[in-house]
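**Student:** The structure that follows is given in the form of structure tokens.
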Amino acid sequence: MAAADHLQVPRQHGLFNHHGIDLGDGTVAHYLEGREILRSPTAEFSRGEAVSVVSYSEPCSPTGVTLRRAMGRLGEQNYNLLFNNCEHFAHWCKTGRHRSSQVENLLHTGSLGALAFGQFMPAALLTAVRMLLRNGISLDGQRLD
């Protein structure tokens with residue numbers, strides 16, 4: 001692992017992954033589930049799980065840009081599971097684009113999770129959320145990338 005790497009660790013028995021940015025000094029910037037973006041020791045971030053580096057097929061920002069983005073959002077408290085979670089944060093730090101493959105996969109597949117989610121959300125609203133994500137637009141109309 002190196003400074004500016006996008007790190008991930010499994011959570012909830014492998015049901016989803018938690019994401020952060022390696023700050024290069026033994027700490028990780030990450031959205032503490034549902035609260036705020038923190039700087040935590042790597043051991044605290046991993047909670048004893050194996051840490052892996054996320055690889056990108058798309059171009060990534062230089063190390064300094066990635067680190068400045070991560071450090072600049074420390075303390076932020078705008079967590080949103082669908083539009084601003086830990087994976088959105090880490091991907092944005094690396095590329096400048098706000099994305100979460102976990103959310104996209106949940107909303108774009110016929111998985112059990114999407115079916116369960118659909119039970120609680122009217123089909124028209126679910127379709128609208130999919131369209132917004134596909135076009136990179138948040139609920140308040142701002143571009144996410």
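Read-outs: derived from the displayed coordinates by stated rules, not from any lab. In this text the structure is predicted, and so the values were computed from the model without any measurement. Reconstructed Cβ throughout: ideal geometry from the backbone, glycine too, with neighbour counts over all protein chains shown.
**Student:** May I ask you to compute the full-extension gain from Glu44 to Met71, defined as 0.36 nm times their residue separation minus their alpha-carbon distance, rounded to one decimal in nm?
**Tutor:** Net length gain for the segment: 7.9 nm.
**Student:** What translational diffusion coefficient, in µm²/s and rounded to a whole number, does the Stokes-Einstein relation yield for the range 13-84 at 10 °C and a viscosity of 1.306 mPa s, taking the hydrodynamic radius as the Kirkwood radius over Cα pairs?
**Tutor:** The estimated diffusion coefficient comes to 120 µm²/s.
**Student:** Order of 63-69, 38-44 by packing, highest average Cβ count within 10 Å first?
**Tutor:** Details: 63-69: 16.6, 38-44: 14.9.
Answer by packing, highest mean first, reads 63-69, 38-44.
**Student:** Run the simple label-point estimate for Ala2 and Val54 please: 7 Å along Cα→C-beta, distance reported in nm.
**Tutor:** 1.9
**Student:** Starting from the range 21-82, pick out the chymotrypsin sites (Phe, Trp or Tyr not before Pro) whose DSSP state is loop and whose Cβ has at most 16 other Cβ atoms within 10 Å.
**Tutor:** Listed in order of number, the matching sites are Tyr56.
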